[in-house]
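Notes for the one structure printed next.
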Amino acid sequence: TGLANPLVISAGVCGGLDPALAPGDLVLPDSVLGPAGDLANVTPAHHRAAAALAPSASTGRLITTREVIATPAAKAALFARTGAVAADMESSVILAAAAAAGLPSLVVRAVSDAAHDALPPELIRLLTPEGRLRVAGAVALMAHPAIVPRALEIRRATRRALAVVARLLAALTSGPDHA
């Protein structure tokens, strides 16, 4: 079930909004709601191929937000308002670019933080918009030593989520003899 033709894939981590999702759970949304309310669908054939390789994946809607959804209350409110199972900060932009180029698209995400998980503001401020640690991050962590265990927990969950995404991407891009 290898994918031979050009395909734009938005892959990475997401925050869980559906309380049934746990860190490491795979999310293969069939559509993505953008920050301005625009709705983009992934290419159905590619979505079916990915879902066949990962039958336990959540396949509901994803929402792209401009800000990190950091508290359980904010996640619950967004879930109730939109029905989106998870949130990220880039998939709607990627799907719009794919559509503008006339290319098929797919979104492959895994949960890094569950609906009941809070993300400390001190940690959110340490990250760049691309999700990388700011240069001053280590110094800032020293100023807030109580959040170091939570930072390490989030790091482990994110690595576990990315490994899940990588396995599915490898299966999707391998030839029929390797799928």
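The values are calculated or read from the model by the stated rules, or taken from the named source; none is laboratory data. Everything numeric here is computed off the predicted structure, so don't read it as measured data. Using ideal geometry, Cβ is built from the backbone for each residue, glycine included, and neighbour counts are taken over all protein chains shown. These area figures cover heavy atoms from the full protein model, side chains too; ligands, DNA and RNA do not enter into them. Shrake-Rupley method; radii C 1.70, N 1.55, O 1.52, S 1.80 Å.
Observations on the structure shown:
- Once the Cα atoms are used to define both axes, helix 72-82 deviates from the longest principal axis of the chain by about 30 degrees.
- 3J(HN,Hα) along region 118-124: 9, 10, x, x, 4, 6, 4 Hz, from the Karplus curve 6.51 cos²θ - 1.76 cosθ + 1.60 with θ = phi - 60°, whole Hz, x for Gly and Pro.
- DSSP loop GluC sites (Glu not before Pro) with at most 13 other Cβ within 10 Å excluded, longest remaining stretch of the chain: 1-66
- Sorting 113-120, 21-28, 5-12 by average packing, meaning the other beta carbons within 10 Å per residue, from highest down gives 21-28, 113-120, 5-12.
- Residues of the chain: accessible area per residue with a 1.4 Å probe, Å²: 52 Å²
- Heavy-atom surface analysis with a 1.4 Å probe gives the chain a carbon and sulfur content of 62 percent of its accessible area.
- When you work out D = kT/(6 pi eta Rh) for region 1-60 at 10 °C and 1.306 mPa s, using the Kirkwood radius from C-alpha pairs as Rh and the Stokes-Einstein form, the result is 123 µm²/s.
- Per residue, the chain reaches -12000 deg cm²/dmol at 222 nm when only DSSP H runs of four or more residues are counted, each adding -39500 (n - 2.57).
- Rounded tilt (10° steps) of 44-53 against the dominant C-alpha axis of the chain: 70 degrees
- With Cα atoms, 0 to 90° folded angle of helix 148-173 axis to the chain main axis: 10 degrees
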